[in-house]
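Trainee: Please see the structure below; I have some questions.
The values are calculated or read from the model by the stated rules, or taken from the named source; none is laboratory data. Predicted model, so just to flag it, every value in this text is computed and none were measured. Note that we place each Cβ from the backbone using ideal geometry, even for glycine, and neighbour counts take in every protein chain shown.
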Amino acid sequence: MNNSFANTARLLSAALRALLVLTVLTGILYPLAVTGVAQALFPTKANGSEVTYDGKVVGSSLIGQQGYSLDYFQPRPAHGLGENSLNTHYKLILSGATNLSADNTELIQQVDDAKAKVVKDNSVPGHTVRPSEVPADAVTSSGSGLDPDISPAYADLQVHRVAARNSLTVAQVQKLVDEHTRGRTLGFIGEPRVNVLELNIALKDLVADK
């Protein structure tokens, strides 16, 4: 009985020591080391790829925002996000896709409504947007609902409206879009894209300087 109790006590003691050592190594030292290396080598990415404007953090280049006025470029829809009454730019209570099938009547209605709104919002005197010109990313959300980028086609479609509402020329706004269009990663990964937050910051600067 005494030997059994002693063996059990030794095993428990060894297990507790192992737990303590592993907790210190993997729960404290390793995270500190990784954080230190990340802060030293990639501080911007380590801090969430924050975007600053006028000395303030206004968002992240990795997360799309909602709620822009029509004076600015609009992001993709975000139907997969949960409602959040506290933060209208980042509805992060729930992130995800709608999980609606392609023939789901609700999804079809969402796309039709979104297309009609895009056509209406971006048709200005002297320039009418046709439904066939509306790209897919203008009427569908991404898998996460947090896509920070839009296609160059969707950005180009918004140029006339943004120019008209900000008393800028179409050429000025188009140049802004072209300057903020990124190509495929490494030349072959993904698709060309435009970061909406960064583009809108540049637009705000352009409007302020006119």
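Trainee: Please specify each residue of the range 186-202 satisfying the condition of being assigned to a strand (DSSP E or B) and under 25 Å from VAL58 (Cα atoms).
Mentor: Those that are assigned to a strand (DSSP E or B) and under 25 Å from VAL58 (Cα atoms): ARG193, VAL194, ASN195.
Trainee: Tell me whether the range 109-118 contains one or more residues that are surrounded by 14 or more Cβ atoms within 10 Å (Cβ to Cβ), without any contact (Cβ under 8 Å) to a residue 24 or more places away in the chain and out of contact with any Phe, Trp or Tyr (no Cβ under 9 Å at 6 or more places or on another chain).
Mentor: yes
Trainee: Which is surrounded by 20 or more Cβ atoms within 10 Å (Cβ to Cβ), modelled with pLDDT under 95 and hydrophobic (A, V, I, L, M, F, W, C), of LEU199, LEU146, LEU157, LEU186?
Mentor: Just a single option satisfies the conditions, and that option is LEU146.
Trainee: Specify the residue that is nearest to LYS204 (Cα to Cα); the eligible residues are those in the range 40-59 that are loosely packed, with under 13 Cβ neighbours inside 10 Å and of a type in the set (S, T, N, Q).
Mentor: THR52
Trainee: Okay, moving on. Could you figure out which of (1) in contact (Cβ under 8 Å) with a residue 40 or more places away in the chain; (2) basic (Lys, Arg); (3) under 23 Å from PRO77 (Cβ atoms) isn't true of LYS210?
Mentor: The failed condition is (3).
Trainee: Follow-up. Given the conditions (1) within 24 Å of ALA78 (Cα to Cα); (2) touching a residue at least 40 places away in the same chain (Cβ under 8 Å), which single one is not true for ASN166?
Mentor: Of (1) within 24 Å of ALA78 (Cα to Cα); (2) touching a residue at least 40 places away in the same chain (Cβ under 8 Å), only one is false for ASN166: (1).
Trainee: From the list ALA171, ALA102, ALA97, ALA114, which one is assigned by TED's automatic domain parsing to the domain that holds SER60, small (Gly, Ala, Ser) and at pLDDT 95 or above?
Mentor: Of ALA171, ALA102, ALA97, ALA114, the one residue that is assigned by TED's automatic domain parsing to the domain that holds SER60, small (Gly, Ala, Ser) and at pLDDT 95 or above is ALA171.
Trainee: How many of the residues in the range 33-60 are touching a strand residue (DSSP E or B) at 6+ places or on another chain (Cβ under 9 Å) and either assigned to a helix (DSSP H, G or I) or more than 18 Å from PRO148 (Cα to Cα) (or both)?
Mentor: Total satisfying the criteria: 1.
Trainee: A further question follows. Assess whether LEU206 counts as being over 16 Å from ASP121 (Cα atoms), surrounded by 14 or more Cβ atoms within 10 Å (Cβ to Cβ) and touching a helix residue (DSSP H, G or I) at 6+ places or on another chain (Cβ under 8 Å).
Mentor: Yes: the conditions hold for LEU206.
Trainee: Scan the range 121-136 for residues that are in a loop (DSSP other than H, G, I, E, B) and under 12 Å from VAL162 (Cα atoms) and jot them down.
Mentor: Once the filter is applied, which keeps residues that are in a loop (DSSP other than H, G, I, E, B) and under 12 Å from VAL162 (Cα atoms), the range 121-136 yields only SER123.
Trainee: Among the candidates LEU12, LEU62, LEU70, which residue alone is among the hydrophobic types (A, V, I, L, M, F, W, C) and either more than 30 Å from ALA202 (Cα to Cα) or not assigned by TED's automatic domain parsing to the domain that holds VAL173 (or both)? First the steps, then the outcome.
Mentor: Working: LEU62 fails: either more than 30 Å from ALA202 (Cα to Cα) or not assigned by TED's automatic domain parsing to the domain that holds VAL173 (or both); LEU70 fails: either more than 30 Å from ALA202 (Cα to Cα) or not assigned by TED's automatic domain parsing to the domain that holds VAL173 (or both).
Just a single option satisfies the conditions, and that option is LEU12.
Trainee: Go through (1) assigned to a loop (DSSP other than H, G, I, E, B); (2) at pLDDT below 85 one by one and return the number of the condition ASP71 breaks.
Mentor: (2)
Trainee: Please go through (1) touching a Ser or Thr at 6+ places or on another chain (Cβ under 8 Å); (2) part of a loop (DSSP other than H, G, I, E, B); (3) at negative phi for ALA163 and return the number of the only condition it doesn't satisfy.
Mentor: Here ALA163 meets the rest and fails (2).
Trainee: Can you name every residue in the range 38-57 that is over 20 Å from the mean Cα position of the chain (by Cα) and under 27 Å from ALA208 (Cβ atoms)?
Mentor: Correct list: ASP54, GLY55.
Trainee: Then there's this: Failed condition for LEU197, given (1) in contact with a Gly (Cβ under 8 Å, 6 or more places away or on another chain); (2) under 29 Å from SER101 (Cβ atoms); (3) of a type in the set (A, V, I, L, M), with all others met?
Mentor: Of everything listed in (1) in contact with a Gly (Cβ under 8 Å, 6 or more places away or on another chain); (2) under 29 Å from SER101 (Cβ atoms); (3) of a type in the set (A, V, I, L, M), LEU197 misses just condition (2).
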